[in-house]
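**Student:** Provided herewith is a single structure, encoded as structure tokens, for subsequent inquiry.
The values are calculated or read from the model by the stated rules, or taken from the named source; none is laboratory data. This structure is a prediction, so every number in the text was calculated from the model and none was measured. Because the Cβ atoms are built from the backbone with ideal geometry, glycine has one as well, and the counts that use them run over all protein chains shown.
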Amino acid sequence: MMRSYLLQVHRWLALLLTPLFLLITLTGMVLALKPVLADLSAPPYTGAVEVSQVQALLESASADGPVVAIERSATSGQWVIPALGEYRLSDGVRVGPSETSGGAFFDWIKDLHKDLLVDAGWLVEWATWAMLAIVVAGILLGWPKFKQSLLGWHQFLGVWLFPLVLLLPLTGILMTLHVARPDLGLQRGAEPTPLQQGLEQAAGEHNLSGLISARGFKSGSLLIETEEAMLVVSGDQATPIDLSSNWPKMLHEGLWGGWVSGLFNMLVGMLVMGLTLTGFISWLRRRQAARISDIRSGAEVLIVFASQTGTAQGLATATAATFEKSGIIADQGSIAVFPASKWHAYQQVLVICSTTGEGELPDNARSWVSGIKARQLEGVSFSLLALGDRRYTHFCAGGQRLRTELIKAGAHERLTLHEVDGDPAVGWQQWLRQLAEYNNWNLQIGGMAVQRQRCEATLIERTRLDTPMGDDSPHSYSLTFAVPESTRFAPGDLFQFQPRPDAEPRTYSIGSDYETSPGKVRLTVGLLRYETEQGNEVLGLGSSELCLNWPLNESRSVELVAHPGFNPPQNSEHPMILVATGCGIAPFIGFLEARAATDRKGPVWLLFGNRHEKGDFLYGEQIKALKEQGVITNLDTVFSRDGGDQRYITERIEHRGDQLLEWINRGANLYICGRASTLGRGIDGVLMQLLQRKGASKAEAEAEMARWVNEGIMHRDLFD
């Protein structure tokens, strides 16, 4: 809780004050140039000065205008009076404009740095306090691990160079508190000291032959600088001051070591400015990424998908490509990253929605639907393509529900709901033709890549994976089917079969790869058992057929369905986080075997949970061997019936939250597979908590998770 609070302070104070911080830091860097230029310029003029001549010069120059200061040029030895010009001391003749000196410029920069030119010194002071709070909050957030990202550099440099980052705001605060400031000898109530009078008064008490400058100072006093000392003339006294004892000022203004200290302060200022900019840009990128989508200027059509297995996403991508080929500008992306408030910007919204589970909406559409407000979509026109399979009871129920919610929110349905049965290619093309005719679009409609392959599958091996630990122990099996070697499939693709002619098809994840195991499809299936209201035990139709009834060496017709939304990364060096419970390990065994077969392996973190380690650690020996071989980099296991502080995999994820988010920030893909009623119900809540613990608001956390889905960072395959 404290860390979240500190992050909020660090982030929002910095964002609110970024323009002011940049202005203060930039002007401070310019002021740090002054000692650098002074030291690196020509040697200073060292001739002795007659104060009487200076007074005479001031007297004659006053005829040209008010005289508020005088300064000896470090190069020419002439005397500069701001706004009037440069004068020769011997005869008082004006020899050039005052712009030949940089003093007036640096004075203007100093006023901008300290008062913003509008007597707003109080605001600069409060901003300095805020900067100090931001720096301290940043270091209290903890020691970060370096990440190759803009935010990673921001955190790493902020911590490693903490003393340097602290230097400028801390010394600025100490100066406002007058810490170590020498006694200036200011007399309360004294009349303002004119320039000529102050010089005469100081000359009576001190040697001014090395006079460099004289100017108005605090409370009507006069500040005189010579080669040997600094004097403050106030009232009837001239007080020498030792600036070297004022260490906060020396450190803050870079006066302690000539050009070296000035350059050092410039570099520190660059560091502070860099941290300010990287923090702001990182926040801006996260905000933009939370709304990321394929947005184009002038787009009239929006194409959104609600996809579980990747079919709807593939159709949306193909639709966008068709529009682009036909010269129609369209935006396209997941429904999760196009909030309802954005839909009004388009003349028409095309929605492609699949159905999952028992007639449910895909994961990326559920939270979107729950966030729709009444009448929020009034004035929006949409057409919806619903994907389904009539062999299932809830045909196109997901698309039907989404359509109902859109209409309830006030949206107008332009074309009636178009439902697609089975292979979507033909139905999708028909839908596009209807849209083209209705809207008078000249669409060049092409085909689609093959999504389904029907083939004969022969059961050649069936192995019990678990060791019974009691009567209620779940039975888990590994099954291997022989299919034609020309059949292509990948881990995470789907195996569909009908347990009997009048039954709905059952779908299972494939846990093998045609490249490493050509012609062999492996499934991991849990035998589903439940009781009726009368207390009778019933076996799941699909699981019992596979685990108990399908005879060895018998062939049946099946379908292998591409599931691009849950395939491993094509790059074998890409980091992966695999989260599985029970038979959710099914696709990941294929992920791991495919990774093991490559020469260049990226890091893999497997988190697996089940009931008993001795009874239910499915593929346990193989997983341990893969860990020893280095294929699995990190391995976390949790077994709920064995006791311990963390009984469920979601609890382990919460415990390892910082590490998990760090992996994702470094580019890892997150894959989640297990029962929707257990893992699916808890995982989103845990991930939301992790993001909020890092300082994100609820809306920002939801947007970040939507970005993970839309960019292919997070993949879920949940079943019941």
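**Student:** Would you check which residues across the range 317-340 are part of a loop (DSSP other than H, G, I, E, B) and either among the basic types (Lys, Arg) or under 28 Å from the mean Cα position of the chain (by Cα) (or both) and list them? So that I can check it myself, show each step before the final result.
**Tutor:** Taking the range 317-340 and keeping what is part of a loop (DSSP other than H, G, I, E, B), we get 326-329, 338-339.
Those that are part of a loop (DSSP other than H, G, I, E, B) and either among the basic types (Lys, Arg) or under 28 Å from the mean Cα position of the chain (by Cα) (or both): Phe338, Pro339.
**Student:** A further question follows. Just checking: which of the strands (runs of 3 or more DSSP E) contained wholly in the range 480-565 hold 3 or more residues that are closer than 15 Å to Gln453 by Cα and free of Cβ contacts under 8 Å to residues at least 60 places away in the same chain? Let's see the steps before the verdict.
**Tutor:** Numbers: elements: 494-497, 506-509, 520-526, 529-531, 537-539, 555-561.
In the range 480-565, no matching strands (runs of 3 or more DSSP E) lie anywhere.
**Student:** Could you list, in sequence order, all residues of the range 259-273 that are within 27 Å of the chain's Cα centre (by Cα) and either without any contact (Cβ under 8 Å) to a residue 60 or more places away in the chain or buried (at least 16 other Cβ atoms within 10 Å of the Cβ) (or both)?
**Tutor:** Let us first name the residues in the range 259-273 that are within 27 Å of the chain's Cα centre (by Cα), namely 268-273.
If the condition is that a residue be within 27 Å of the chain's Cα centre (by Cα) and either without any contact (Cβ under 8 Å) to a residue 60 or more places away in the chain or buried (at least 16 other Cβ atoms within 10 Å of the Cβ) (or both), then Val268, Gly269, Leu271, Val272, Met273 are the ones that fit.
**Student:** Next up: How about the range 225-243: which of its residues are without any contact (Cβ under 8 Å) to a residue 40 or more places away in the chain and assigned to a loop (DSSP other than H, G, I, E, B)?
**Tutor:** Selection gives Glu228, Ala229.
**Student:** Which condition from (1) under 24 Å from Gly28 (Cα atoms); (2) crowded, with 22+ Cβ neighbours inside 10 Å is the one that Ala238 breaks?
**Tutor:** That leaves (1) as the condition not met.
**Student:** Still on this structure, please answer the following. Working carefully through the options Leu350, Leu387, find the one that is of a type in the set (A, V, I, L, M), over 19 Å from Gly565 (Cα atoms) and buried (at least 23 other Cβ atoms within 10 Å of the Cβ). Give the derivation first.
**Tutor:** Details: Leu387 fails: over 19 Å from Gly565 (Cα atoms).
Among Leu350, Leu387, only Leu350 is of a type in the set (A, V, I, L, M), over 19 Å from Gly565 (Cα atoms) and buried (at least 23 other Cβ atoms within 10 Å of the Cβ).
**Student:** For Ala696, indicate whether it is assigned to a helix (DSSP H, G or I), at pLDDT below 90, within 14 Å of the chain's Cα centre (by Cα) and crowded, with 19+ Cβ neighbours inside 10 Å. Lay out the reasoning, then the answer.
**Tutor:** On the way: assigned to a helix (DSSP H, G or I): no; at pLDDT below 90: yes; within 14 Å of the chain's Cα centre (by Cα): yes; crowded, with 19+ Cβ neighbours inside 10 Å: yes.
When the stated conditions are applied, Ala696 does not pass them.
**Student:** Does Pro474 satisfy the criteria of being in contact with a Cys (Cβ under 9 Å, 6 or more places away or on another chain), closer than 27 Å to Thr393 by Cβ and modelled with pLDDT under 90? Working first, answer last.
**Tutor:** On the way: in contact with a Cys (Cβ under 9 Å, 6 or more places away or on another chain): yes; closer than 27 Å to Thr393 by Cβ: yes; modelled with pLDDT under 90: yes.
The answer is yes for Pro474.
**Student:** Can you name every residue in the range 55-95 that is under 19 Å from Phe217 (Cα atoms) and not in a strand (DSSP E or B)?
**Tutor:** If the condition is that a residue be under 19 Å from Phe217 (Cα atoms) and not in a strand (DSSP E or B), then Gln55, Leu58, Pro66, Val67, Val68, Pro82, Ala83 are the ones that fit.
**Student:** In the range 252-280, how many residues are over 15 Å from Gly138 (Cβ atoms), of a type in the set (Gly, Ala, Ser), out of contact with any Lys or Arg (no Cβ under 9 Å at 6 or more places or on another chain) and part of a helix (DSSP H, G or I)?
**Tutor:** Counting residues in the range 252-280 that are over 15 Å from Gly138 (Cβ atoms), of a type in the set (Gly, Ala, Ser), out of contact with any Lys or Arg (no Cβ under 9 Å at 6 or more places or on another chain) and part of a helix (DSSP H, G or I) gives 3.
**Student:** Moving on to the next point. Mind listing whichever residues of the range 565-587 are surrounded by 19 or more Cβ atoms within 10 Å (Cβ to Cβ) and within 28 Å of the chain's Cα centre (by Cα)?
**Tutor:** Step one: of the range 565-587, the residues surrounded by 19 or more Cβ atoms within 10 Å (Cβ to Cβ) are 565-568, 576-587.
Answer for the range 565-587, where residues must be surrounded by 19 or more Cβ atoms within 10 Å (Cβ to Cβ) and within 28 Å of the chain's Cα centre (by Cα): Gly565, Phe566, Asn567, Pro568, Met576, Ile577, Leu578, Val579, Ala580.
**Student:** Of all residues being surrounded by 13 or more Cβ atoms within 10 Å (Cβ to Cβ), at pLDDT below 85 and among the aliphatic types (A, V, I, L, M) in the range 36-58, which is farthest from the chain's Cα centre (by Cα)? Just the residue, please.
**Tutor:** Out of the qualifying residues, it is Ala38.
**Student:** Any residue at all in the range 660-679 that is buried (at least 19 other Cβ atoms within 10 Å of the Cβ) and more than 26 Å from Asn610 (Cβ to Cβ)?
**Tutor:** No, the range 660-679 contains no residue that is buried (at least 19 other Cβ atoms within 10 Å of the Cβ) and more than 26 Å from Asn610 (Cβ to Cβ).
**Student:** Would you pick out the residues in the range 699-720 that are at pLDDT below 85 and of a type in the set (Lys, Arg)?
**Tutor:** Arg707
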